[in-house]
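The values are calculated or read from the model by the stated rules, or taken from the named source; none is laboratory data. The structure displayed is predicted, hence computed values, not measured ones. Note: ideal-geometry Cβ built from the backbone for every residue, glycine included; neighbour counts use all protein chains shown.
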Amino acid sequence: MSGHHYSLAELAELLNVTYVGDAKTLISGLATLASAGPGQLSFLANSKYQKTLKSTLAGAVIVAPDMVTSCPSHCLVSEQPYLTYARASQLFEVLDNDRGGIHPSAVIDSSATIATTATIAANVVIGKNVVIGAAVVIGPGCVIGNNSTIDEGGLLHANVSVYHGVLIGRSVVIHSGTVIGSDGFGFAPSPDTEIGGWVKIAQLGGVKIGDNVEIGAGCTIDRGALDDTVIGDRVILDNQIQIAHNVEIGDNTGIAGCSAIAGSTKIGKNCTIAGGVAIIGHLTIGDNVHFTARSLITKSVEKSGAYSSGAPMQDTKSWRRNAVRFMQLDNIAKRLSDVERKLK
Amino acid sequence: MSGHHYSLAELAELLNVTYVGDAKTLISGLATLASAGPGQLSFLANSKYQKTLKSTLAGAVIVAPDMVTSCPSHCLVSEQPYLTYARASQLFEVLDNDRGGIHPSAVIDSSATIATTATIAANVVIGKNVVIGAAVVIGPGCVIGNNSTIDEGGLLHANVSVYHGVLIGRSVVIHSGTVIGSDGFGFAPSPDTEIGGWVKIAQLGGVKIGDNVEIGAGCTIDRGALDDTVIGDRVILDNQIQIAHNVEIGDNTGIAGCSAIAGSTKIGKNCTIAGGVAIIGHLTIGDNVHFTARSLITKSVEKSGAYSSGAPMQDTKSWRRNAVRFMQLDNIAKRLSDVERKLK
Amino acid sequence: MSGHHYSLAELAELLNVTYVGDAKTLISGLATLASAGPGQLSFLANSKYQKTLKSTLAGAVIVAPDMVTSCPSHCLVSEQPYLTYARASQLFEVLDNDRGGIHPSAVIDSSATIATTATIAANVVIGKNVVIGAAVVIGPGCVIGNNSTIDEGGLLHANVSVYHGVLIGRSVVIHSGTVIGSDGFGFAPSPDTEIGGWVKIAQLGGVKIGDNVEIGAGCTIDRGALDDTVIGDRVILDNQIQIAHNVEIGDNTGIAGCSAIAGSTKIGKNCTIAGGVAIIGHLTIGDNVHFTARSLITKSVEKSGAYSSGAPMQDTKSWRRNAVRFMQLDNIAKRLSDVERKLK
């Protein structure tokens, strides 16, 4: 697997930044400040790594303008080093997926429309009336249900399951094990039938995913009950995220791993939801809202800002003593009011 | 894809309810009150949508008897509008799965017994002595391990993994990415061996799933250590649920997304467990118990009723101030007692 | 499926323990004290089951030396009955996986190296330059990406997805639905581009998994951004665990189901992390640390010991009253200080 290499000047041009140092310095990879060698590019995006900068052996480092004089190596100078690093990382990526053609083991319904530039890997199964756009790559073992569409530039890694009636926009990346379009969890209790239990509500809606979305591994996104579940443009989802039926997520919102959004909740644009957050159903969350890790969101939030829930971590012995008191809190508050009354 | 359509009178008969209005009104789909058009049926199950009822363009609406006069369209009149909607939804479902036959790409051991009315999709792998019942549908990419049985009427969506020795009852639905019969997390610590670490306890039990169960996408249900893990009849599980080894779940219990039940815990009948609940191991939960969202259940619960845990959501600034005080709670309680003593 | 059987004396020798009773007693399986019959072996590892010991019908029981006289059956006598039970369980396991050979439906790149003793099941897809070691078993539907290695003795159950550039050590077991090597969740915010949103950081690192590791079902382990994500030797992971990019987990650490470790966090050796724990990113956790169920770990922990977070479970009515007071905690603490001042 041969990688990419660029001169310092080429990198500066490709990344639309300036450079300081030898234009011809050859760079053949990216590494952290601590581990980079002479042929590698690194970056300083967080001031707490300034010490490491001084001792780096990197061939070049992406730095902010005020760091150029502190940099022992050649520099790429950017107002936004982290963003420049992100762009540089794409230049050094060696694409794993073979491109082009339909593997003979793929099982594709004759009514499906597959762009000639699409890649369909081994053991893929594609249903009726499916449309696969230009330059789409479908990894091994993926299953695409009837009447679903994957627009141009999409990339599905191995073993993704897409049900019927799912519309996926342009340049969407979906990681392995993820399931799109499974039935929403809709059941009506039926105490009066012979057997008791639950009557299933057929999930007649679909899923609509915007453009430039990335969905991590092991996620589940349910189809809508009547209307569609909707994921906006440029949404990014980490791994093991659960999106229930009829959820709507606004453009540019990012959600970290293991978060879950219950049914019919609407989330605005440009929100950042940390890992392990759960949002209960039928809520409305505005734009530019941030939830910290592991919060349980039980009320709608209109106003932008940060929200949290939970009780903090301690050593278990201390925690036990305090947790027991949590169960007396209402009593404590009332006793305090009594004390205050007596002192008046 | 042509859908189903019914006259108002036909629907009333199929749903075992009465109707008010033009018997011949043609209904070809279901939609919410807000989005339904003249050829569609809607429903009013929650009084907070009464305003929407007045302006709906639906051809017909499922309503409770006291709502008939407020309904601007034809009506289906039901004592339980939500339950009637559930049943109606099934009438309008267009089944995605092709039915009938064994796809030539399926790999089926010669010792397996496949009912002639079963459907085995592309790239399915079926092991030794497996029994697949009448009218079962196994979706693309599913793997069924040796000596497992799927009784009549079952539906496994794409890419479900069933290990060996798993017994699945009648009319069970399992969504994509779900794993049934993986090893329970059983290891004995072995401080005295050369390498340290853990000695695996072979998981010799199986999994037994009752009739009319539905299991969502991305769930994991482990096999038992010695006895079986047991899921009762008519249990409904949402997505990304983890059921550890030797758990037993009683009939009719429903569990929402991302909940987890640790090893050997027994849960009663007719329980409703909200999303993100975790129940630790070796507990016993009685019948008709309800756990609210994200609760951590650390003790057995005999008595029916609702139980909760956790600390509530606030803006992060307020939350931080309060969370710090949580760590002083025991101290606060003791100081309050001192104050009370002084005031006596 | 014929199982294994042993005489009592054979078992004692295989398990390196002594026996009390008839050497020729034939044992053909393992069962709990409550359900074991005359031909079965059971064990007593927890004193709370002493009562059950008295009435067991087991043919033999693994007991500690001080329990021999209380044991109604033949005995295997061990200082560590639970560890001996773990070892015995392996003697009675009937291996489900067929061993030997490459199924004709597997799709294997011609550049891959497959040991002659390896087993490649149906519908497996293996990429370029992959190396599969001696006696490795790859279950049906697994996909192994380019340039990945699975060392000798590994076992991948059905439908595991391994991306490119993943190095898996010797005797590693991976359960179904698990994904290794998916992209870490790395995006740089780009407020200044035309469309807004996120710029993806290509994940150029890999994943390195040690020897004798077991990974449960439905887990996700992301590849590193620049360096590798690293799982030490003899680590055990339960189901639905999320390991983010550049996490490092020390040898012998065990993590129970549904836990999640955020990016770049380093965890020491011999830690035990209970179910549902979340650890935020960029932390350092020392050796021999224990986190109790559902803890959220927000700070580095150097010192070995047990740590917890959260607020305890109550009936919902009581919990609501106390939870409301949590939001007044800072106010309560200040009012208490006022009261104390007045009383001085």
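Can you tell me which residue in the range B:103-122 is farthest from residue A:165 (Cα to Cα), limited to those that are within 14 Å of chain C (Cβ to nearest Cβ) and either in contact with a Cys (Cβ under 9 Å, 6 or more places away or on another chain) or outside any loop (DSSP other than H, G, I, E, B) (or both)? So that I can check it myself, show each step before the final result.
Taking the range B:103-122 as the starting set, the residues that turn out to be within 14 Å of chain C (Cβ to nearest Cβ) are B:103-112, B:120-122.
Now drop any that are not either in contact with a Cys (Cβ under 9 Å, 6 or more places away or on another chain) or outside any loop (DSSP other than H, G, I, E, B) (or both), which leaves B:107-108, B:120-121.
Numbers: B:107: 28, B:108: 29, B:120: 21, B:121: 18 Å.
Per the stated criteria, the residue is B:108.
Considering each residue of the range C:153-174, count those that are more than 21 Å from residue A:174 (Cα to Cα) and either buried (at least 24 other Cβ atoms within 10 Å of the Cβ) or in contact (Cβ under 8 Å) with a residue 40 or more places away in the chain (or both), and give that number.
Total satisfying the criteria: 12.
Identify the single condition in (1) outside any loop (DSSP other than H, G, I, E, B); (2) touching a residue at least 60 places away in the same chain (Cβ under 8 Å) that residue B:185 does not satisfy, given that it satisfies every other one.
The one condition residue B:185 does not meet is (1).
Quick check on residue A:9: is it of a type outside the set (Lys, Arg) and part of a loop (DSSP other than H, G, I, E, B)?
no
Among the residues of the range A:221-246, write down those that are within 14 Å of chain C (Cβ to nearest Cβ) and out of contact with any strand residue (DSSP E or B) (no Cβ under 8 Å at 6 or more places or on another chain).
Taking the range A:221-246 first, the residues within 14 Å of chain C (Cβ to nearest Cβ) are A:231-242.
Residue satisfying the conditions is A:233 alone.
Just checking, which of C:125, C:160 is within 14 Å of chain A (Cβ to nearest Cβ) and within 22 Å of the chain's Cα centre (by Cα)?
Exactly one residue qualifies, and that residue is C:160.
Of these, B:121, B:86, which one is surrounded by 15 or more Cβ atoms within 10 Å (Cβ to Cβ), touching a His at 6+ places or on another chain (Cβ under 8 Å), free of Cβ contacts under 8 Å to residues at least 60 places away in the same chain and within 18 Å of residue B:155 (Cβ to Cβ)?
B:121
Within the range B:196-220, which residues are facing chain C (nearest Cβ under 7 Å) and not hydroxyl-bearing (Ser, Thr, Tyr)?
B:196, B:197, B:198, B:199, B:200, B:201, B:202, B:204, B:218
Here are some conditions: (1) of a type in the set (Gly, Ala, Ser); (2) in contact with a Gly (Cβ under 6 Å, 6 or more places away or on another chain); (3) away from chain B (no Cβ under 14 Å); (4) surrounded by 24 or more Cβ atoms within 10 Å (Cβ to Cβ). Residue A:177 meets all but one. Which one does it not meet?
(3)
Pick from B:285, B:231: which is under 12 Å from the mean Cα position of the chain (by Cα) and either of a type in the set (D, E, K, R) or in the same structural domain as residue B:202 (by TED's automatic domain parsing) (or both)?
Within the list B:285, B:231, the selection yields B:231.
Among the residues of the range C:1-38, which ones are closer than 15 Å to residue C:58 by Cα, surrounded by fewer than 18 Cβ atoms within 10 Å (Cβ to Cβ) and among the hydroxyl-bearing types (Ser, Thr, Tyr)?
Listed by number, the residues that qualify are C:7, C:28, C:35.
Within the range A:220-314, considering only strands (runs of 3 or more DSSP E) that don't extend past its boundaries, which have at least 1 residues that are without any contact (Cβ under 8 Å) to a residue 40 or more places away in the chain and surrounded by fewer than 24 Cβ atoms within 10 Å (Cβ to Cβ)?
Per the criteria, A:229-231, A:289-291, A:305-308.
Inspect all residues belonging to the range C:268-276 and state whether any of them is within 24 Å of residue B:329 (Cβ to Cβ) and within 10 Å of chain A (Cβ to nearest Cβ).
yes
So which residues in the range C:101-112 are exposed (fewer than 12 other Cβ atoms within 10 Å of the Cβ) and either at pLDDT below 95 or farther than 17 Å from residue C:139 by Cα (or both), if there are any at all?
Here is the first cut: in the range C:101-112, the residues exposed (fewer than 12 other Cβ atoms within 10 Å of the Cβ) are C:104, C:110.
Within the range C:101-112, just C:110 meets the criteria.
Of everything in the range A:131-152, what is part of a loop (DSSP other than H, G, I, E, B) and buried (at least 24 other Cβ atoms within 10 Å of the Cβ)? Give them in sequence order.
Start the filter on the range A:131-152 by keeping residues that are part of a loop (DSSP other than H, G, I, E, B), which leaves A:133-136, A:139-142, A:145-148, A:151-152.
Within the range A:131-152, A:136, A:139, A:140, A:141, A:142, A:145, A:148 qualify.
Applying the selection to the range C:26-38, what residues are under 22 Å from residue C:6 (Cβ atoms) and either modelled with pLDDT under 95 or within 14 Å of chain B (Cβ to nearest Cβ) (or both)?
The answer is C:27, C:28, C:29, C:30, C:31, C:32, C:33, C:35, C:36, C:37, C:38.
What's the number of the only condition in (1) crowded, with 18+ Cβ neighbours inside 10 Å; (2) outside the structural domain of residue A:133 (by TED's automatic domain parsing) that residue A:47 fails to meet?
(1)
Considering each of B:267, B:243, B:261, B:273 in turn, give the residue that is modelled with pLDDT of 95 or more and within 23 Å of residue B:154 (Cα to Cα).
B:243 is the lone residue from the list that is modelled with pLDDT of 95 or more and within 23 Å of residue B:154 (Cα to Cα).
Taking into account only those residues within the range A:291-342 that are farther than 19 Å from residue C:328 by Cβ and acidic (Asp, Glu), which is farthest from the other protein chains (Cβ to nearest Cβ)?
A:302
Conditions: (1) closer than 30 Å to residue B:141 by Cβ; (2) at pLDDT 95 or above; (3) of a type outside the set (Lys, Arg). Residue B:74 meets all but one. Number of the miss?
(1)
The conditions are (1) more than 8 Å from chain B (Cβ to nearest Cβ); (2) farther than 17 Å from residue A:243 by Cβ, and residue A:184 fails exactly one of them. Which is it?
Among (1) more than 8 Å from chain B (Cβ to nearest Cβ); (2) farther than 17 Å from residue A:243 by Cβ, residue A:184 violates only (2).
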